[in-house]
Amino acid sequence: MRTNYCGDLRLEHLDKIVTLYGWVDRRRDHGGVIFIDLRDRCGIVQIVSDPQRTAESYPQADNLRSEYVVRITGTVSQRPPESLNPKLPTGEIEIYAGEIEIVNAVTKSLPFQISSLEEENVREDLRLKYRYLDLRRERMSSNIQLRHQVVKAMRRFLEDEYNFLEVETPILTRSTPEGARDYLVPSRVNEGQWYALPQSPQLFKQLLMVSGCDRYYQIARCFRDEDLRADRQPEFTQLDIEMSFLSEDEIIELNEGLVAHIFKQVKNIDLPRPFPRLTYAEAMDKYGSDRPDTRFALELVDVSEILQDSGFKVFSGAVKNGGVIKVLPIPEGNDKIPNVRIKPKGDLFNEATIAGAKGIAYVRVRENGEINTIGAIKDNLTPEQKEALLTKTGAKPGHLLLFGAGDTDTVNKSLDRLRLVIGKELGLIDENKLNFVWVTQFPMFEWNEDEKRLEALHHPFTAPNPEDLDDLSKARALAYDLVLNGVEIGGGSLRIYQREVQEKVFATIGLSDEEAKNKFGFLLEAFEYGTPPHGGIAYGLDRLVMLMAKENSIRDVIAFPKTQQASCLLTEAPAGVDNKQLKELHVASTFKPKKKSEE
């Protein structure tokens, strides 16, 4: 039987006979003495075999190759001073192998090197195809163990400190409007009927509050059929929390305690509390984003009032049409950002246009308050406007002012994008910093231009601010998002718990009484049986672990992720099914493969 894991052995185990199981990370032959680095999920330890001291194991040691699975029994010994390895936690000891058993050999060439000492940069498609090998590598093994530690810390805090109950909610449920596309599952038993995989456990956790389960949590699997990117997957995991009888401030305080506990337990980092808070309006005004990266100080400045009467039509026209003029002031930008990057075809120009802007206007501030810009701007700035502009932006000699003018949404998106690109380029972002911020008081609704209707910014079960009940179309939501370094890691709200308010919200997003009853009748009825006030939050577990692991993609903290085409290269899913299965489900495919174009 295994007595220890490889990475656990230390000087305190000297002279102990141990039995280890693992994989051969590396094998080295030094003049007849064979050294084997044995690896398991806890680490690496050095195994030694030589013809004199370990004669019985030597023939087997000579046969070992990388990634062989082996059992080794031997004695823990202290390494000679000249062979200590301070890079390894086990670097002060080694195991003299009395017995070596090859449990399983490698019979094919490895698609890539796995050894922890290899720096090979492996293509992601190969890593995903042979994910079971990729997970042996130190980076991925560490990430998966980090994920486990985060979940463990979550469970301990919620259960042991605040008496939460873990309750599983259904995976097969019904399709509901709002949000992303559902993954649909046909029912064989109920002919012609469909289940949907849950985008979140939202309705079930609210019903649990109705049931009297006043503190619920779940490590929940969620599914969304949406376009993918680095921080999205078709199936993902969230920590789902709901609680009754707590105010918004109390929920936020509890969750700050949870996040602080996770970072202390997993990373031994003490987070300063309370976390800063910004209203949605403040975040959009200062950063142009509802998930601002507050690790650096570049902030947007609204100069609409100063330039609304400018003779430069791009500025005055923006305000006249209901938009804004904003400035991104960049200290020392004159020396570091040349005009060629701002003008058409320049990289910063391209960044702005990706966000929807038609271009970038600029002003360079020189000595004695003089400015340098294109004539159309300079000739239409009065001395008073120029002075007010420099005062409001805090611009000094050397500053570069980048302007966005147009509809508010486009201006915010383009300047936010430029802010992040420039902040990173100029080294203004401390990558070791952890800046948390709560964003609160979101709008209840946003306008869907395609469907010509209002839709819920978060979801239609979010409670409106009681002060705004008379006109829900402009209401603020009792909602809150937690942002870490410019990435939203959690979002939640107080919920609607009164039928008449919920019906009013459904009507605001264009659901008729009949549609509301058909889709959500069970929820509306539940609200008539004594529903407590309640609220909650959901954390994107994959995103949180990604940030803690300092990875750039959630695929690197998920054991078996999908590609950006929502496919699994390992199992080759999705795949076709037999016609017999489709017939049983009363489903027929309308898909017609595209004909190959004639050459």
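Site pair Ile219 and Val33 shows an inter-label distance of 4.4 nm when each label is modelled 7 Å from Cα along Cα→Cβ.
Among 454-466, 357-369, what's the highest-first ranking by average C-beta atoms within 10 angstrom per residue?
454-466, 357-369
Quick check: residue separation of Gln52 and Asn334 times 0.36 nm, minus the Cα distance between them. What number comes out in nm? That pair, Gln52 and Asn334, stretches by 94.3 nm at full extension. D by Stokes-Einstein for the stretch 408-515, Kirkwood Rh over Cα pairs, 37 °C, 0.692 mPa s: 204 µm²/s.
Here are a few candidate values for log10 I(q)/I(0) by the Debye sum over Cα atoms at q = 0.08, 0.09, 0.10 Å⁻¹: (i) -0.56, -0.71, -0.88; (ii) -0.78, -0.94, -1.08; (iii) -0.45, -0.59, -0.74. Which one was actually calculated from the structure I just gave you? Matching the structure shown: (ii). For the stretch 36-45, 3J(HN,Hα) computed residue by residue from phi via the Karplus equation (6.51, -1.76, 1.60; θ = phi - 60°) reads 10, 8, 9, 10, 9, 5, 9, x, 10, 9 Hz, glycine and proline entered as x.
Applying a threshold of 20 Å to the alpha-carbon distances of Lys205/Lys267; Lys326/Lys413; Lys313/Lys378; Lys345/Lys378; Lys433/Lys550; Lys16/Lys267 flags Lys205/Lys267; Lys345/Lys378; Lys16/Lys267 as lying beyond it. Taking label positions 7 Å along the Cα-Cβ direction at both Leu271 and Leu228, the computed distance is 2.8 nm, reported to one decimal. The gain in end-to-end length when the Ser83 to Lys286 segment is fully stretched comes to 67.4 nm, 0.36 nm per residue minus the alpha carbon separation. If a paramagnetic tag sat 7 Å from the Cα of Ser187 along the Cα-Cβ line, which residues of the stretch 576-596 would have the backbone N under 17 Å from that point? Once the point is set 7 Å along Cα→Cβ of Ser187, 584-587 turn out to lie under 17 Å by backbone N, inside the stretch 576-596.
Since only Leu541, Phe560, Val587 are under comparison, the one whose Cα sits farthest along the positive direction of the charge dipole of the stretch 506-599, derived from C-beta charges on Lys, Arg, Asp and Glu, is Phe560. Full extension of the chain between Asp8 and Ala507 yields a length gain of 173.5 nm, computed as 0.36 nm times the residue separation minus the alpha carbon distance.
Computing the accessible area with a 1.4 Å probe over protein heavy atoms, can you report the carbon and sulfur percentage for the chain? Percent of accessible area from carbon and sulfur atoms in the chain: 48. Rounded, prolate or oblate, given the Cα gyration tensor of the stretch 44-195, with a/c below 1.5 counting as rounded? Because a/c hits 1.5 or more and a/b exceeds b/c, the stretch 44-195 counts as prolate. What is the dipole size for the chain, taken about its Cα centre, with +1 at each Lys and Arg Cβ and -1 at each Asp and Glu Cβ, in debye to the nearest 20? With only Lys, Arg, Asp and Glu charged at Cβ, the dipole is about 1580 debye.
Using a probe radius of 1.4 Å on heavy atoms only, what accessible surface per residue do you get for the stretch 1-130? Whole Å² is fine. Intermediate values should be presented prior to the final figure.
Working: 7110 Å² over 130 residues.
With the other protein chains kept in place, the stretch 1-130 gives 55 Å² per residue.
Label separation (Lys396 vs Val106): 5.8 nm, computed from points 7 Å beyond Cα along the C-beta direction. When the label point is put 7 Å from the Cα of Leu469 along its Cα-to-beta-carbon vector, which residues of the stretch 488-503 have a backbone N closer than 18 Å? Counting only backbone N, you get 494-503. Just so you know, the averaged projected area of the alpha carbon convex hull for the stretch 276-378 sits at 8.0 nm².
Could you compute the FRET efficiency for Asn432 and Ser589, with r as their C-beta to C-beta distance and R0 at 30 Å, rounded to 0.05? My answer for the efficiency is 0.05. Give the separation of the Cα centroids, the stretch 255-312 to the stretch 37-54, in Å. Going from one Cα centre to the other spans 51 Å. Relative to one another, the C-alpha centroids of the stretch 379-456 and the stretch 110-158 are positioned 38 Å apart. Between the listed residues Leu454, Val437, Asn465, the Cα displaced farthest toward the positive end of the dipole of the stretch 426-552, a dipole computed from Cβ unit charges relative to the Cα centre, is found at Val437.
The values are calculated or read from the model by the stated rules, or taken from the named source; none is laboratory data. Here the structure is a predicted model, which is why all the values come from computation and not from measurement. Using ideal geometry, Cβ is built from the backbone for each residue, glycine included, and neighbour counts are taken over all protein chains shown. Accessible surface areas use protein heavy atoms only, side chains included; no ligands, DNA or RNA. Shrake-Rupley method; radii C 1.70, N 1.55, O 1.52, S 1.80 Å.
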